[in-house]
Amino acid sequence: MESEKAKVRHYGNLIAGEEDFHGTRKEVISPLDGNLFAYSTVAGREELRKAIDLAYDSYHGKWGRTSLQERKRLLLKLAEIIQERSDQYSTLETMNTGKTLRQSMLMDIPLGIEHIRYFAVENEFGTSRNIEHPEYPGSSGIVQNVPMGVIGAIVPWNLPFLMAVWKVIPALTAGNSVVLKPSTHTPLTALELAIDIRRAGFPDGSVSVVNCPGPVAGKEMAENRKVGMVSFTGSTEVGRSVAVGSAKNLKKSTLELGGKSPNIVLEDADVRQAASGVMFGIYLNSGQLCESGSRLLVHSAIKEKFLAELMKLMKRLRPGNPMSMETDISAITTLGQKRKIEMMVREGIQGGASVFYRKDVDGQVPSKGLYYPPTVLSGVDPESEIAKEEIFGPVLSVLEFSSDSEAIEIANRSEYGLAAGVWSRNRERATKLAGEIEAGTVWVNQYHLLSAAAPRGGFKRSGLGRELGLEGLMELTQTRHIFVGAEDSEMDEVEFGLLLPPESGDEKSQ
Ligand code: NAD
């Protein structure tokens, strides 16, 4: 047993390109089968401070002097390096999170690589633009998008690689340096990313990954004057504390938070397509995606037919070891999350909901792994906790409506506003309805597809600010306006004359 353990890789933190083992060694147990497969290092405030200091020096040194073009060249190189190792990334991501290997290999890792390439070639973002001031003829202006400096980034455990890419790559594109704090449950692919960032030739200090407890990172990033902005993704509750901590120090924070997204099926939807989309919307990654479509809003005229189709599709889901390419159901990443799902469903049932369908996984998944059966709950009271609060698991609540306006009303009743879906054969009608929904992303006859060109973020309790797209890049900059006075301006005397009267001819000649 000891020799087995000795073979297990021990990951340090990546502080300015150096692997740093200060801190506590922690066992990394895979949720897919309960086995130890790596050790991580949980650092403390001192290591985080060191990373912030070095990020600050890098920003005020070599990294801060790189051009946008040079940064993009490095990003392309990084994408190539990760592409070559994509199988290793996929295996590690699946071992660490319990998501199916198919999902890691076909979605999380290739999408992350594509997003790195996107920022290497996109040409909407510029570091400056020239303007004219119509009020002041002859003058000119330069509006610069100046980096925020050091970005302190904090991410959750559900999409460790993608989330690290979304935090680090746009921040680097905009010229910032980054200190990323991954979830202590799933730090491994973020650490691999930092290793490859170094290999690609980014200067040391431009990116560090420090796996440390959340409250330590929250406090330090909010209070440390060398951190220019905090970029947080996680639960609404923790996000609020990050925003408060940052605001106390008059520091900008962006927040990508939780959701309770409605997936709306209109009576003219293609039932088969919509049922596939609703299933994909809630059971991908076992519902552990912030935008998961956890509220099914189905038109009462097609409810029965729709649910029958959904159940038919769910029967085809294959439980198994997520490392097999034949498995469709992901594990639950943490024990705490599994218990939360169990508790919320139990309380929902006590509150009157009933299980309409539950896909049995018992005996078909590794016995020491963490799993929860894909579940559909009907009879859900729209005012109950289970209808309103995020479960973050493979649980779909069924609600019904009988008109578009009622669907919109139920959809918008939520205090969250992260995402939504609308299913209809009439794309024009669905797109119009999409424009009535209070959410940062609305899919029409689709779900979950994320593009690096599109800003993502939330309305209401789902967040502040945007990530990805041009809007996401702009969040990571601050604006400087340089006003250049006219070479020979007759206006000078008029303006300065607001304070002093013009000189007389005699005064001028003295
Ligand atoms: P969480 O809020 O518990 O933790 C997120 C991160 O914050 C972790 O790295 C954690 O260590 C850290 N943290 C904990 N306490 C902190 C504190 N006091 N100050 C600063 N950081 C602290 O969330 P989770 O359980 O890891 O992830 C699930 C949640 O994340 C869900 O609510 C989900 O909706 C949300 N999420 C949102 C998005 C999005 O883009 N909107 C994406 C993925 C997940």
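The values are calculated or read from the model by the stated rules, or taken from the named source; none is laboratory data. Treat the numbers as computed from the prediction; the structure is a model and nothing was measured. We place every Cβ from the backbone using ideal geometry, glycine too, and count neighbours over all the protein chains shown. Ligands, DNA and RNA are excluded from the accessible area calculation, which covers all protein heavy atoms including side chains. Shrake-Rupley method; radii C 1.70, N 1.55, O 1.52, S 1.80 Å.
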Regarding A194, is this residue in a strand (DSSP E or B) and small (G, A, S)? no
From L449, L470, L433, grab the single residue that is out of contact with any Asp or Glu (no Cβ under 7 Å at 6 or more places or on another chain) and not aromatic (F, W, Y). L449
Which ones in region 180-218 are of a type in the set (G, A, S) and under 19 Å from Q83 (Cβ atoms)? A190, A194, A200, G201
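Here is a check on your reading of the model: is M163 crowded, with 16+ Cβ neighbours inside 10 Å, outside any loop (DSSP other than H, G, I, E, B), within 16 Å of the ligand (Cβ to nearest atom) and not polar (S, T, N, Q)? Talk me through it step by step, then tell me what you get.
Details: crowded, with 16+ Cβ neighbours inside 10 Å: yes; outside any loop (DSSP other than H, G, I, E, B): yes; within 16 Å of the ligand (Cβ to nearest atom): yes; not polar (S, T, N, Q): yes.
It is true that M163 is crowded, with 16+ Cβ neighbours inside 10 Å, outside any loop (DSSP other than H, G, I, E, B), within 16 Å of the ligand (Cβ to nearest atom) and not polar (S, T, N, Q).
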Surrounded by 13 or more Cβ atoms within 10 Å (Cβ to Cβ) and not β-branched (V, I, T), is that true of H448? yes
Working only within region 278-306, note down all residues that are open to solvent by 10 Å² or more (accessible area, probe 1.4 Å) and assigned to a helix (DSSP H, G or I). M279, F280, Y283, L284, K303, E304, K305
Residue pairs meeting the criteria (Cβ under 6 Å; at least 6 apart or on separate chains; first within 15 Å of R71 (Cβ to Cβ) and open to solvent by 10 Å² or more (accessible area, probe 1.4 Å), in region 202-214; second away from the ligand (no atom under 16 Å from the Cβ) and among the basic types (K, R)): P203/K62
With the condition kept exactly as written, say whether any residue in region 408-417 is touching a Lys or Arg at 6+ places or on another chain (Cβ under 7 Å), within 16 Å of the ligand (Cβ to nearest atom) and more than 16 Å from L296 (Cβ to Cβ). yes
Every pair of residues 6+ apart whose Cβ atoms lie under 7 Å, when the first sits in region 336-365 and is more than 14 Å from E385 (Cα to Cα) while the second is of a type in the set (F, W, Y) and within 16 Å of the ligand (Cβ to nearest atom): Q337/F392; K338/Y372
Yes or no: region 102-124 includes at least one residue that is open to solvent by 60 Å² or more (accessible area, probe 1.4 Å), within 30 Å of Q478 (Cβ to Cβ) and outside any helix (DSSP H, G or I). yes
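Residue-by-condition table, conditions (1) among the polar types (S, T, N, Q); (2) open to solvent by 80 Å² or more (accessible area, probe 1.4 Å):
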position: E438; (1), (2): no, no
position: V442; (1), (2): no, no
position: A452; (1), (2): no, no
position: K460; (1), (2): no, yes
position: T479; (1), (2): yes, yes
position: E487; (1), (2): no, yes
position: D492; (1), (2): no, no
position: L498; (1), (2): no, yes
With the condition being within 16 Å of the ligand (Cβ to nearest atom), I'd like the strands (runs of 3 or more DSSP E) fully within region 418-510 carrying at least 1 qualifying residues. 419-423, 441-444
Hey, does region 124-147 have a residue that's assigned by TED's automatic domain parsing to the domain that holds V210, β-branched (V, I, T), at pLDDT below 95 and more than 23 Å from the chain's Cα centre (by Cα)? yes
Looking at (1) under 19 Å from K50 (Cα atoms); (2) within 11 Å of the ligand (Cβ to nearest atom); (3) over 18 Å from the mean Cα position of the chain (by Cα); (4) surrounded by fewer than 24 Cβ atoms within 10 Å (Cβ to Cβ), which one does R198 not meet, given that it meets all the others? (2)
Being at pLDDT 95 or above and outside any helix (DSSP H, G or I) narrows it down to one residue among K77, K72, K99, K50; which is it? K99
Before we move on, is V380 outside any helix (DSSP H, G or I), among the hydrophobic types (A, V, I, L, M, F, W, C) and closer than 18 Å to K303 by Cα? yes
Residue within region 418-435 that is in contact (Cβ under 8 Å) with a residue 12 or more places away in the chain, open to solvent by less than 50 Å² (accessible area, probe 1.4 Å) and farther than 25 Å from I302 by Cα present: yes
In region 383-393, the residues that are open to solvent by 60 Å² or more (accessible area, probe 1.4 Å) and either over 22 Å from the mean Cα position of the chain (by Cα) or hydroxyl-bearing (S, T, Y) (or both): E383, E385
Within region 205-249, the residues that are under 18 Å from E47 (Cα atoms), part of a loop (DSSP other than H, G, I, E, B) and either within 11 Å of the ligand (Cβ to nearest atom) or touching a strand residue (DSSP E or B) at 6+ places or on another chain (Cβ under 9 Å) (or both) are G205, S206, V210, N211, C212, P213, N224, K226
So G141, is it surrounded by 14 or more Cβ atoms within 10 Å (Cβ to Cβ), assigned to a strand (DSSP E or B), of a type in the set (G, A, S) and away from the ligand (no atom under 16 Å from the Cβ): yes
Just to be sure before I move on: is A174 within 22 Å of the chain's Cα centre (by Cα), over 16 Å from S451 (Cα atoms) and more than 13 Å from the ligand (Cβ to nearest atom) in the structure I sent? yes
Give just the number: which of (1) closer than 30 Å to E467 by Cα; (2) part of a loop (DSSP other than H, G, I, E, B) does N321 not satisfy? (1)
Boolean, S286 is within 16 Å of the ligand (Cβ to nearest atom) and hydroxyl-bearing (S, T, Y): yes
